[in-house]
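What follows is one structure encoded as structure tokens, with my remarks underneath.
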Amino acid sequence: MRIGVFVCHCGSNIAATVDCPSVAQAAKLFPDVVFASDTMYACSEPGQDAIIQAIKEHRLDGVVVASCSPRMHEPTFRRALERAGLNRYMLEMANIREHVSWIGKNKELNTVKATELVRIAAAKLRLNTPLYANQFDVTKRVLVIGGGVAGIQAALDCADAGIQVIMVERDTSIGGKMAKLDKTFPTVDCSSCILGPKMVDVAQHPNITLYAASEVEEISGYVGNFDVKVRRRATYVNWDACTGCGLCMEKCPSKKSYDAFNEGVAPTAAIGISFPQAIPKKASINAEFCMKLQKGKCGVCAKICPTKCIDFEQQDTIVSEKVGAIVAATGYDLFDWTVYNQYGGGRYPDVVTSLQYERMMNASGPTAGHIKRPSDGKEPKRVVFIQCVGSRDKAVDRPYCSGFCCMYTAKQAVLTKDHIPDSDSYVFYMDIRSPGKGYDEFTRRAQEQYGVQYVRGRVSMIYPKGDVLVVRGADTLAGTQVEVEADLVVLAVGIESSKGAPHLAEKLRISYDHYGFFMEAHPKLKPVETNTAGVYLAGCCQGPKDIPTSVGQGSAAAAKVLTLFAKDKLESDPQISRVNQNRCVGCLKCTMTCPFGAVKDVKDRAGNTKAEVVETVCQGCGICTVTCPHGAIQLQHFTDNQILAEVNALCQPEMEF
Amino acid sequence: MSQRIGYYPGCSGAGTSMEYDASTRAVCARLGLALQEVPDWSCCGSTPAHTVDHVLSAALSARNLELAAEAGLETVTTPCPSCLANLRVAGHKMEKEGFRNQVKALLETECASLATVKSTLQVLLEDVGPEAVKAKVVRPLSKLRVACYYGCIMNRPPEVMQFDDPEHPMSMDTLLEACGAEVLPFPLKVECCGAAAGMPRKDIVTELSGRLLDVAAGMGVDAIVTACPLCQMNLDLRQGQVNSARGTSHAIPVFYFTQLMGLAMGLSSSEMGISKLAVDPKPCLEQAGVL
Ligand code: SF4
Ligand code: SF4
């Protein structure tokens, strides 16, 4: 074998703390190395040309590039090899930037380490063999998990481009949190008026199949060919027949059911449609409060329903779908603020959450848009808003900023003044974070035009005194303690990842952070991709976002799906495990360890059990190879012998420098 | 059930709050908790020592904890939250090797083992339990509406005290409910009464204590129940001062929780030191039928 070594300076990134020419000089002495040089920027056009030139001139069979992380430029150099007529897997990279120059300051030691990394790369390369990718078909259908505004946008963009979309929504209606909002900032336009038409589009689009009241049960397969099982929860109403007339809801005698859409501001009937603009507009029963399902008595809705669609016997059903890509848009949940015992921990009825307040201000909400105190129904004249409840607070393990609470608080304070002109509003804040277009202007308008009193400081406690609430906090600008008496306190609760998000991430085989938010593949350059090919992210499942950003990300995820689907065939990665059938004794330890279920058992001609790797499912993690007692299963490009060669190269008895 | 446990009365128990000390001993005895006083105990240094010298302050407490351990007492209980804070903080700090060495040098002992400290509230709740309390009640306090006031240091800082919720403790509420009292949710149960500023800034005390009394009165309580000698003194003894400073006319009796528990268990009012209270508790106890 004839090997060429190229040591990159990466400008001063590497050259400042590694003696690149001497690394190249040392490499010339390694076995099979016939050419070595150093270059300013290996990835640049002249750099790549020089590699191609050298391959041709020195008839090289393999190339070692000592430069940055392979995450950065491995594809670049592989393409260069291909242009020179070599197989793309005849490349090895030694990471002398992230692993050497960026982490060590001692030039002498760095040079030694860089040389060693090149040595082991060359040793491994000597055992490389050309690998060839297979092609496979793509199922051009996409699964969108979550029907909030981000999911809706992704679904509509894909559907408009002619792609079949399966949308799975956990609630009985799509719309997500945005559907609950009264107005949106900073334009103060009606939230459901701008979202409503999009929801209708989802319902009417010929390319979209909507499964509401459903959850993703199981996902298997790989990019281009996912198999998805969806659990459609029993709603006890036959949705094919239900016309959404709402008669059942009026007649249901159980009126104590928790109204999730209205955030529990007022109770509702056990059967019903969650809100007037719901999509799909179908009724469902909350089994917990249904007298028929709990005690076997009642059944009024079944008698009243003109289309006879109530079905108390209904069971969950499972549907299977095949898709080529998945967009996760599962949104967020509100932080459970009741851990703040100093704010009453849920014991004071007149301390409400921002989303409850939003429902109280909404004309179609339980109070018909009149702001009333939950305790006595009176109109509050002094409303205190407390920001950062469950945001930027290490004490409750939520050190991150939820991003949009400053803005919605300003909006709610402005709207309060519109609803109750003779009211006074106070906002306790830590900083005002309003970086969006027109955002800062809006928070200023709240203060200057609407006279909302902004007090910088945290609130230490809220306690009831007679029928008012005393809000005690610090004014850190004035350097004093302040006490404000309030008729109503609104907590700007922060956000956290949606319930069960880590569980879904495991099904999707994507990573999630400490707080349960899904991880993007790269925080700057791959914000909607994940580390699992074919799975994309949109909206708050990835981290706190406001509506414009969520919509933008929904469209971005759709664009990624369309890019994927632009090809008719996808190439598989040949860096996967293969079984040497002669060595395999059929113990099937590998099937048990493979986390992806990529190894199946087959019978050879003599009827003996053997393992076989399903090429498209194997992720190339290599777990099986260490399990196999016979070394029969080998990860291509990372065989036992290649790894041993690396170790041997590193552990030579004497190193000459 | 008979359990032996160390007992640290603290200086206030031997002086200003003798009725707390007496009622604690009597109630524990009634509940089968054999209290054994820490032999030769000294002051823990409470308020002043730690403001002067942390090592000296810890040494005062460590000495008591070592004496207890030597007497074979693994756990020591104290009714006073200020003693509790000092003893626990000392134990907490002594976990650090360097600090421990400084204390050892001062005490000229090894400090090989130190007893752990729990508030009497914690022991009554965890080791005895509300069920056992209920079983001993002979005169339920069912006609009594009370507010439980824990004060600002009983459960704080949480990482040192490691008992009950620092913002919304419920242990005293639970015990008094077990005695049949109606416990109203007191929103200021962990607010400061101003005790530490008692000498230099009377205006602060009257303001802070006054607020507590106002809110409790607004809730319509018959009595306030405390677990701290200083809180009790501020609310009870200074109630007149508060009234004249703020133009109010409160007359709310302020009990130690052990006093009310004892009365419910049939112990006599003289054993409970009821006569030592400043605001006359008689009308309240009479209407509750426990006098
Ligand atoms: S672990 Fe190895 S020997 Fe066992 S079945 Fe898998 S490949 Fe065959
Ligand atoms: S390399 Fe990983 S994914 Fe592939 S078969 Fe082995 S264990 Fe499974």
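Scanning the stretch A:585-595 for residues that are farther than 14 Å from A:LEU635 by Cα and either surrounded by 17 or more Cβ atoms within 10 Å (Cβ to Cβ) or within 10 Å of ligand 1 (Cβ to nearest atom) (or both) yields A:VAL585, A:GLY586, A:CYS587, A:LEU588, A:LYS589, A:THR591, A:MET592, A:THR593. Contact map, the stretch B:72-92: first residue more than 21 Å from B:SER171 (Cα to Cα) and outside any helix (DSSP H, G or I), second residue open to solvent by 10 Å² or more (accessible area, probe 1.4 Å) and of a type outside the set (A, V, I, L, M), Cβ cut-off under 8 Å, separation 6 or more or different chains; pairs are B:LEU73/B:ARG4; B:LEU73/B:GLN36; B:GLU74/B:THR116. In the stretch A:31-50, the residues that are more than 14 Å from A:PRO21 (Cβ to Cβ) reach residues that are modelled with pLDDT of 95 or more and basic (Lys, Arg) with C-beta atoms within less than 6 angstrom, at least six apart or across chains, in these pairs: A:ASP32/A:ARG126; A:VAL34/A:ARG2.
Within the stretch B:1-43, how many residues are outside any loop (DSSP other than H, G, I, E, B) and of a type outside the set (D, E, K, R)?
Step one: list which residues in the stretch B:1-43 are outside any loop (DSSP other than H, G, I, E, B), which gives B:3-7, B:10-13, B:18-30, B:33-37.
Of the ones still in play, those that are also of a type outside the set (D, E, K, R) are B:3, B:5-7, B:10-13, B:18, B:20, B:22-24, B:26-29, B:33-36.
Looking only at that region, the number is 21.
Could you tell me whether A:VAL614 is more than 9 Å from ligand 1 (Cβ to nearest atom) and either at negative phi or open to solvent by less than 40 Å² (accessible area, probe 1.4 Å) (or both)? Judged against the criteria, A:VAL614 is a match. The single residue among B:GLU177, B:GLU191 that is touching a residue at least 12 places away in the same chain (Cβ under 8 Å), surrounded by fewer than 23 Cβ atoms within 10 Å (Cβ to Cβ) and within 14 Å of chain A (Cβ to nearest Cβ) turns out to be B:GLU191.
Would you kindly identify the strands (runs of 3 or more DSSP E) lying entirely within the stretch A:447-546 that contain at least 1 residues that are within 21 Å of A:VAL149 (Cβ to Cβ) and more than 14 Å from chain B (Cβ to nearest Cβ)? Please lay out each step first, then the result.
On the way: elements: A:453-456, A:459-465, A:468-475, A:480-486, A:488-493, A:495-497, A:535-537.
It comes to A:488-493, A:495-497, A:535-537.
Within the stretch A:146-162, the only residue that satisfies the criterion of being touching a Leu at 6+ places or on another chain (Cβ under 7 Å) and not in a helix (DSSP H, G or I) is A:ALA161. For beta carbons closer than 9 Å, sequence separation of 6+ or different chains, a first residue in the stretch B:145-156 that is surrounded by fewer than 19 Cβ atoms within 10 Å (Cβ to Cβ) and a second that is among the small types (Gly, Ala, Ser), the qualifying pairs are B:ARG145/B:ALA181; B:ARG145/B:GLY220; B:ARG145/B:ALA223; B:ARG156/B:ALA85. Of the residues screened, A:TYR429 is one that is of a type in the set (Phe, Trp, Tyr) and away from chain B (no Cβ under 14 Å).
If you check A:HIS58, A:HIS99 for being farther than 17 Å from A:LEU117 by Cα and at pLDDT 95 or above, only one passes: A:HIS58. B:GLY220 fulfils the conditions (1) within 25 Å of B:SER23 (Cβ to Cβ); (2) within 14 Å of chain A (Cβ to nearest Cβ); (3) touching a residue at least 40 places away in the same chain (Cβ under 8 Å) except for a single criterion, (1).
A:ARG347 passes every criterion in (1) within 14 Å of chain B (Cβ to nearest Cβ); (2) surrounded by 18 or more Cβ atoms within 10 Å (Cβ to Cβ) apart from (2). Residue pairs whose Cβ atoms lie under 6 Å apart, sitting 6 or more positions apart in sequence or on different chains, and linking a residue in the stretch A:628-645 that is in contact (Cβ under 8 Å) with a residue 40 or more places away in the chain and open to solvent by 60 Å² or more (accessible area, probe 1.4 Å) to a partner that is more than 14 Å from ligand 1 (Cβ to nearest atom) and outside any helix (DSSP H, G or I), are A:ASN641/A:LEU127. Residues that are within 14 Å of chain A (Cβ to nearest Cβ) and outside any helix (DSSP H, G or I): does the stretch B:196-217 have at least one? No, that holds for no residue.
Residues that are more than 10 Å from ligand 1 (Cβ to nearest atom) and in contact with a Leu (Cβ under 6 Å, 6 or more places away or on another chain) within the stretch A:574-584 comprise just one, A:PRO574.
In the stretch A:310-344, how many are more than 14 Å from chain B (Cβ to nearest Cβ) and either surrounded by fewer than 21 Cβ atoms within 10 Å (Cβ to Cβ) or in a strand (DSSP E or B) (or both)? Talk me through it step by step, then tell me what you get.
We begin by selecting, within the stretch A:310-344, every residue more than 14 Å from chain B (Cβ to nearest Cβ); these are A:310-336.
When the remaining residues are screened for being either surrounded by fewer than 21 Cβ atoms within 10 Å (Cβ to Cβ) or in a strand (DSSP E or B) (or both), the result is A:310-323, A:325-328, A:332-334, A:336.
Matching residues across the stretch A:310-344 total 22.
I'd like to know if the stretch A:582-591 contains one or more residues that are within 15 Å of ligand 2 (Cβ to nearest atom), under 36 Å from the mean Cα position of the chain (by Cα) and over 30 Å from A:ALA325 (Cβ atoms). Within the stretch A:582-591, one or more residues are within 15 Å of ligand 2 (Cβ to nearest atom), under 36 Å from the mean Cα position of the chain (by Cα) and over 30 Å from A:ALA325 (Cβ atoms).
The one condition from (1) farther than 25 Å from A:GLN135 by Cα; (2) near ligand 1 (Cβ under 9 Å from one of its atoms); (3) touching a strand residue (DSSP E or B) at 6+ places or on another chain (Cβ under 8 Å) that A:LYS603 does not meet is (2).
The values are calculated or read from the model by the stated rules, or taken from the named source; none is laboratory data. As the structure is a prediction and not an experimental result, all values here were calculated from the model. Glycine gets a Cβ as well: all are built from the backbone with ideal geometry, and neighbour counts include every protein chain shown. Ligands, DNA and RNA are excluded from the accessible area calculation, which covers all protein heavy atoms including side chains. Shrake-Rupley method; radii C 1.70, N 1.55, O 1.52, S 1.80 Å.
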